[in-house]
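J.: Questions regarding the structure given below will be posed in turn.
Each value in this text was obtained by applying a stated rule to the coordinates, not by laboratory testing. Worth saying up front: this structure is predicted, and the values here are computed from it rather than measured. Methodologically, a virtual Cβ is constructed for each residue, glycine included, from the backbone with ideal geometry; neighbour enumeration extends over all protein chains shown.
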Amino acid sequence: MKCVICKHGETRPGKTTVTLERDGLTLVFRNVPAEVCENCGEAYVDEATARDLMRRAEEAAEAGVMVDIREYAGKAAQG
């Protein structure tokens, strides 16, 4: 797909880091699958992955986590 940020690059499958912050909670997920622009590096996470990240963030918030860095293992590893 054409990048909506730089308007020049095409996206390719890759990995990105996603940082989520809310109410004093900071979560960093590394190696998240995404479509990454070859020109500017903007990353696009698909809807299922975004939903999974938000679910994990809610669980961390409920557990009282304040700061955490995690490797994203994907939904299959959650079984």
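J.: Can you give the extra length, in nm with one decimal, that the chain gains between Leu20 and Glu59 once fully stretched, where that is 0.36 nm per residue apart less the Cα-Cα distance? Present the calculation step by step, with values, prior to reporting the outcome.
T.: Working: separation 39, 0.36 × 39 = 14.04 nm, distance 1.29 nm.
So the chain would gain 12.7 nm between Leu20 and Glu59.
J.: What spacing in nm lies between the two simple spin-label points modelled at Asp68 and Asn39, each 7 Å away from Cα in the Cβ direction?
T.: 3.8
J.: What's the FRET efficiency of Lys7 with Arg51 using the Cβ-Cβ distance as r and R₀ = 30 Å, to the nearest 0.05?
T.: Numbers: r = 28 Å, r/R0 = 0.92.
Working from the Cβ atoms, E equals 0.60.
J.: Taking the DSSP beta bridges in the chain as the whole, what percent of them are antiparallel, to the nearest 5? Walk me through the numbers on the way to the answer.
T.: On the way: 14 of 19 bridges.
Looking only at bridges with both residues in the chain, the antiparallel portion is about 75 percent.
J.: As a test of the formula, what do you get for the chain when each DSSP H run with n ≥ 4 contributes -39,500 (n - 2.57) and the sum is divided by the residue count, at 222 nm and rounded to the nearest 500 deg cm²/dmol? Numbers along the way, then the final one.
T.: Numbers: 1 runs with 16 residues, N = 79.
It comes out at -6500 deg cm²/dmol, rounded to the nearest 500.
J.: Take the Cα gyration tensor of the chain, multiply each eigenvalue by 5, square-root it, and list the three semi-axes largest first, rounded to whole angstrom. Each step should come with its number before you reach the end.
T.: Details: eigenvalues 136, 38, 18 Å².
They are 26, 14, 10 Å, listed largest first.
J.: Which value, in debye to the nearest 20, gives the size of the charge dipole of the stretch 11-73 about its Cα centre, when Lys and Arg are +1 and Asp and Glu are -1 at the Cβ? Display every interim value, and only then the final one.
T.: Values: 8 positive and 13 negative charges, 33 e Å.
So the dipole magnitude of the stretch 11-73 works out to roughly 160 debye.
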